[in-house]
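Heads up: the structure comes next, in structure tokens.
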Amino acid sequence: MLEQESFWDARCFAVITDRTKPAMKLTIEELASRGKEVYVVDLSEKPDKGTFQTVTQLPSNVDCAVIGLTKIDPADTIEDLNKKGIKKCWIHWRTETPEVKRKCMESQMQCITGKCPMIYLGHGFSIHAMHRGVVKLLGKY
């Protein structure tokens, strides 16, 4: 099993968003539909009701984090995730930075980058299923 596939075997996730990546909302919905416990950290200017506004508010039972931020460097969240004991994160495709990779390595946090979470979470006939097919054909799954 690929690292990207086994990542989703965890039971409790934090999804950190600034609501600039539509796939983050789909990730939240898909994880919830699979019966996963999901906590949302909304770092946008107008956070949704019922979400956390900082990583430090997360409970201590979170296993993995999915980060999709474009307005701030995702690296700004790594130290707080590490303090919460989270040792696995997924940085959404095209939002990774050299700084986030460096901080993950320094904190010994497993970090998946360069991949859209929905390629691995999506199911049925959808844009993500078609994307998954293309990625597999190109040998980049």
message: The conditions are (1) among the aliphatic types (A, V, I, L, M); (2) in contact with a Leu (Cβ under 8 Å, 6 or more places away or on another chain); (3) not in a strand (DSSP E or B), and V15 fails exactly one of them. Which is it?
response: (3)
- prompt: If you take the residues in region 73-94 that are at pLDDT 95 or above and in a loop (DSSP other than H, G, I, E, B), which one is surrounded by the most Cβ atoms within 10 Å (Cβ to Cβ)?
  reply: P74
- request: Would you mind finding the one in S6, S33 that is within 15 Å of C116 (Cα to Cα), surrounded by fewer than 16 Cβ atoms within 10 Å (Cβ to Cβ) and either in contact (Cβ under 8 Å) with a residue 60 or more places away in the chain or small (G, A, S) (or both)?
  value: S6
- request: Identify the single condition in (1) in contact with a helix residue (DSSP H, G or I) (Cβ under 9 Å, 6 or more places away or on another chain); (2) part of a loop (DSSP other than H, G, I, E, B) that S44 does not satisfy, given that it satisfies every other one.
  value: (1)
query: Given (1) within 19 Å of C116 (Cβ to Cβ); (2) surrounded by 19 or more Cβ atoms within 10 Å (Cβ to Cβ); (3) of a type in the set (V, I, T), where does T20 come up short, assuming only one miss?
result: (2)
Within region 106-127, tally of residues that are outside any loop (DSSP other than H, G, I, E, B), modelled with pLDDT under 80 and surrounded by 12 or more Cβ atoms within 10 Å (Cβ to Cβ): 1
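The values are calculated or read from the model by the stated rules, or taken from the named source; none is laboratory data. The model shown is predicted, which means the values in this text are computed figures rather than measured ones. Cβ atoms come from the backbone with ideal geometry, glycine included; neighbour counts cover every protein chain shown.
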